[in-house]
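> Sharing a structure, written as structure tokens. Questions coming.
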2 protein chains.
Amino acid sequence: MSGKSYHTSNPETEGAIDRNVPDFPIAGQSEEESYFRTHSAPSYLPEIQAQLESFIEYHLKNTGKRIALVTSGGTTVPLENNTVRFIDNFSAGTRGATSAEYFLENGYAVIFLHREFSLLPYSRHYSHTTNCFLDYMVEKDNKIEISPDFAPEMLQVLRKYNAAKSSNSLILVPFTTVNQYLFTLRMGSEALKKMGKNALFYLAAAVSDFFLPQSRMPQHKIQSQASGKLIVDLEQVPKFLSRLVDNWAPRSMIISFKLETDDSILIKKATAALDKYQHQLVIGNLLQTRKKEVVFVKPDSSQDWVRLTDKQVETNVEIESLIIPKVVQEHTLWINS
Amino acid sequence: MSGKSYHTSNPETEGAIDRNVPDFPIAGQSEEESYFRTHSAPSYLPEIQAQLESFIEYHLKNTGKRIALVTSGGTTVPLENNTVRFIDNFSAGTRGATSAEYFLENGYAVIFLHREFSLLPYSRHYSHTTNCFLDYMVEKDNKIEISPDFAPEMLQVLRKYNAAKSSNSLILVPFTTVNQYLFTLRMGSEALKKMGKNALFYLAAAVSDFFLPQSRMPQHKIQSQASGKLIVDLEQVPKFLSRLVDNWAPRSMIISFKLETDDSILIKKATAALDKYQHQLVIGNLLQTRKKEVVFVKPDSSQDWVRLTDKQVETNVEIESLIIPKVVQEHTLWINS
């Protein structure tokens, strides 16, 4: 498990206002090809690539585990090169971090591609709460201790966390911007080709639909004008899912998420995504009810709702404890198909 | 110290697409008046107001402490009513959280008006690091403990935190959106009127310059179009600092921050802010060097740089340990003026 920082949240100064970088898109190329040609890879990518390859190699040789690449949290779209302002997508990373734990419990190794400082597996139980870190501690006999109110449960979580670490089953890979996300996902999926059908992509991150091309990004903070409105003119992010299905990881099982706020269009949008990208499963959910119910939509048009009972809601059962075993079943079917 | 959540990060559904809400701005009113008339206050505001008033009353009656209202972290601008996308301002809240600790050490009571989940005084030492929460823990004899590597320092931090709690010297007030920030700042400054010159505003939050008026906000997630660009047409946030100086808290000392990335315009912009708002002090800083140097700019055009020496940088001295005593001196001068 890597705890190293790659400064994903620092300003991306690579290629800043480089007029040699052609404007996006380039005629005659697919939008995806254009994207990678007109944008710079994060400088830390080779280092992460080496770690990922060694993680995958380890499991191929020693454990035979399946690997889930779980994406989690929202991507940002910087509006300036020295980033002060950015557009963000709402996501604390709850779905991804929780799902990663259940993948680990179900015997998978997990590549956790996450927004830096979003929720992480295991530590999620104690971060992003309104409880301050120090509220878990007490002083006793001039020593600091975990408060007895929290210690027993925290010990259980620590054991699971240490088990994931000591078995080399979890690797944490951060991103901040949509550009970092896209380059890292491409690299990760190419590294996972070796796993064939034993690789699973569980794309729970909230990826921006729009972005500001690097060639048009101002160097400095946008200055507000006396009377002025700000008009931000963004391009649509190319649809990378088709690349993932066709080229980057053609044998892997690919699961995408569809989050909507309007329930009348959820199924239609999930089905449209499957038609367009030809992948295996869309998990649909509504912002308002996403912790209580989701729907599995498959290419045969089946709609399979997964819902917590009232009793399960009361007793804080996590819906991911129902989702992941069902995903694992689907993955097994895919491997045997 | 309050650890309660006010759901500041939940969708703000109050007044959603209410066509009775007039479009912003209304002719014949100041922009600030128009803003508050055309936008809804957060529903939790009365509850926070009661807490703040009792906090202020406590210090007026019992301690005679000065009170600093410290704002910290970035505000968001939701682009939809059921918020999926928002524009954010880069700020982890380091300046505000660190400064709050030094205000407390210098005998102030502190109202910490902060972006929810940004850094908090004291706990900041252990959150938002690439260290996972659980990396501070070890298991020993079937019990969970703080790792001996961290325990001694953490005990010192815990003691300071507990001292702030037990002396009722720190109150945490969260915000997420720029709208929540503005309504809460107005309420807080009116509550602080009673403190007269003993109140200090230390406005370190990164507040959006632009916002999307509630009357124009779509109810549901913006749908991406097949070919489409996204054009976000934003209004400028009214300049509330003049209200703060003239009406809300006319006797308090007010300190604002100016963060730029281009060093050639920093002083000019700081001076322009003082000319415009007629407050007491601007602390200027550049994104690139903000942890090593800042400049105090005053209405008499004096520029006073506060810089860490190389040795101080090496030994991790925090620049706020120099900034706050200097601010306290200025506040004393203001009180005696």
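The values are calculated or read from the model by the stated rules, or taken from the named source; none is laboratory data. Fair warning: this is a prediction, and the values are worked out from it, not measured in the lab. Heads up, the Cβs are rebuilt from the backbone with ideal geometry, glycines too, and the neighbour counts pull from every protein chain shown.
> For residue A:247, work out the one condition from (1) part of a helix (DSSP H, G or I); (2) at pLDDT 90 or above it doesn't fulfil.
Among (1) part of a helix (DSSP H, G or I); (2) at pLDDT 90 or above, the lone unmet condition for residue A:247 is (2).
> From the set of residues in region B:222-238 that are modelled with pLDDT of 55 or more and more than 7 Å from every other protein chain (Cβ to nearest Cβ), which is surrounded by the fewest Cβ atoms within 10 Å (Cβ to Cβ)?
Out of the qualifying residues, it is B:223.
> Of all residues in region A:269-299, count the ones that are under 16 Å from residue A:330 (Cα atoms) and part of a loop (DSSP other than H, G, I, E, B).
Result for region A:269-299: 5.
> Also: Go through region A:102-148 and give me each residue that's among the acidic types (Asp, Glu) and out of contact with any strand residue (DSSP E or B) (no Cβ under 9 Å at 6 or more places or on another chain).
The answer is A:105, A:135, A:141.
> Can I ask one more? Residues in region A:10-29: is at least one of a type outside the set (Gly, Ala, Ser), modelled with pLDDT of 60 or more and either under 23 Å from the mean Cα position of the chain (by Cα) or surrounded by 19 or more Cβ atoms within 10 Å (Cβ to Cβ) (or both)?
no
> Sort out which residues of region B:227-260 are closer than 19 Å to residue B:89 by Cβ and among the β-branched types (Val, Ile, Thr), and write them in order of number.
Once the filter is applied, which keeps residues that are closer than 19 Å to residue B:89 by Cβ and among the β-branched types (Val, Ile, Thr), region B:227-260 yields B:232, B:237, B:255.
> Which of the following residues is touching a residue at least 12 places away in the same chain (Cβ under 8 Å), within 26 Å of residue A:199 (Cα to Cα) and in the same structural domain as residue A:77 (by TED's automatic domain parsing): A:244, A:259? Lay out the reasoning, then the answer.
Details: A:259 fails: in the same structural domain as residue A:77 (by TED's automatic domain parsing).
Unique residue meeting the criteria: A:244.
> Follow-up question, since we're still on this one. Restricting to region A:105-129, give me the number of residues that are farther than 18 Å from residue A:188 by Cβ, of a type outside the set (Ser, Thr, Tyr) and within 14 Å of chain B (Cβ to nearest Cβ).
Narrowing region A:105-129 to residues farther than 18 Å from residue A:188 by Cβ: A:105-107, A:117, A:119, A:122-129.
Going one step further and asking which of them are of a type outside the set (Ser, Thr, Tyr), we end up with A:105-107, A:117, A:119, A:124-125, A:128.
Subsequent filtering for residues that are within 14 Å of chain B (Cβ to nearest Cβ) retains A:117, A:119, A:124-125, A:128.
Final tally of qualifying residues: 5.
> Checking the conditions here, which among B:104, B:69, B:119 is within 30 Å of residue A:159 (Cα to Cα) and either modelled with pLDDT of 95 or more or of a type in the set (A, V, I, L, M) (or both)?
Every option except B:119 fails the conditions.
> For residues that are part of a helix (DSSP H, G or I) and more than 7 Å from every other protein chain (Cβ to nearest Cβ), scanning just region B:130-156, find the one that is surrounded by the most Cβ atoms within 10 Å (Cβ to Cβ).
B:136
> How many of the residues making up region A:78-91 are within 8 Å of another protein chain (Cβ to nearest Cβ) and either under 21 Å from residue A:157 (Cβ atoms) or in a strand (DSSP E or B) (or both)?
Summing the residues that are within 8 Å of another protein chain (Cβ to nearest Cβ) and either under 21 Å from residue A:157 (Cβ atoms) or in a strand (DSSP E or B) (or both) in region A:78-91 gives 5.
> Return the residues of region A:68-109 that are over 11 Å from residue A:203 (Cα atoms) and of a type in the set (Lys, Arg); say none if nothing qualifies.
A:85
> What's the number of the condition residue B:241 fails, among (1) away from every other protein chain (no Cβ under 14 Å); (2) modelled with pLDDT under 95; (3) touching a strand residue (DSSP E or B) at 6+ places or on another chain (Cβ under 9 Å); (4) under 23 Å from residue B:185 (Cα atoms)?
Residue B:241 satisfies every listed condition except (1).
> Kindly establish whether residue A:264 is in contact with a helix residue (DSSP H, G or I) (Cβ under 9 Å, 6 or more places away or on another chain), among the hydroxyl-bearing types (Ser, Thr, Tyr) and either assigned by TED's automatic domain parsing to the domain that holds residue A:98 or not in a strand (DSSP E or B) (or both).
So residue A:264 fails the test.
> Inside region A:300-337, can you point out the residues that are in contact (Cβ under 8 Å) with a residue 24 or more places away in the chain and either assigned by TED's automatic domain parsing to the domain that holds residue A:101 or assigned to a strand (DSSP E or B) (or both)?
Across region A:300-337, the qualifying residue is only A:303.
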